[in-house]
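The structure under discussion appears below in the form of structure tokens.
Readers should treat all values here as calculations from the given coordinates under stated rules, not as data from a laboratory. Keep in mind the model is a prediction, meaning the values are calculated, not measured. So basically every Cβ, Gly included, is an ideal-geometry build from the backbone, and we count neighbours across all protein chains shown.
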Amino acid sequence: MFETLFGFFLNNINYLSIFILMTIESSFIPFPSEVVMIPAGYLVATGKLNIFLTILMGILGSIAGAVINYAIGKYLGRSLILKNKKFFFINESHLEWSERYFEKHGAKTTFFGRLIPVIRQYISIPAGFANMPFGKFVFYTSIGAGIWVTILTLLGYYVGQSVATNIVYIFNLAIIGLVIILAVLFIIIWWKKKKSQK
């Protein structure tokens, strides 16, 4: 199944499709960014795509999808979204977790949240609820999305031509990367708490 999906993306991925798929991934529609940016990174390794344009389109798509969620949160409001949660593919517990995370850590949550699985698709909605300044929202989202997109693209690039036969290796690398990201986030949050206590 993986080889079929991988072959499909290899045959259809270009800069426009990267932008569209990453917009979908960052909006309320459940769609994994890994199945877009890792194959794109593979195509970079084969010389079919430019690494800078690939990462740029991935980031722009992520921002576009995040803006959609931000607008939904800002203009529709919490009650209307939850009332139509099936239409928006909203998991109420995930949204509530994202809200608490946003309330606790503020605007920078739109940066940290982009690096955390599950939350990354939801974190823009609480930003809309809170009417977070749009410029600040886009700024933090861009940084977080840039890091995530770059990691996935480089992962596909360095695995190269062995990507189709080394899915376990990819998975292990993704887990290691995730652990490192979470460890860094934990240290930052712990350091801030310790600093505030002083």
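Legend: distances between Cα atoms for 48/136; 136/194; 74/194; pairs beyond 29 Å are 48/136; 74/194. A cut-off under 12 angstrom between Cβ atoms defines the neighbours of residue 142, and their net charge, with Lys, Arg +1 and Asp, Glu -1, is +2.
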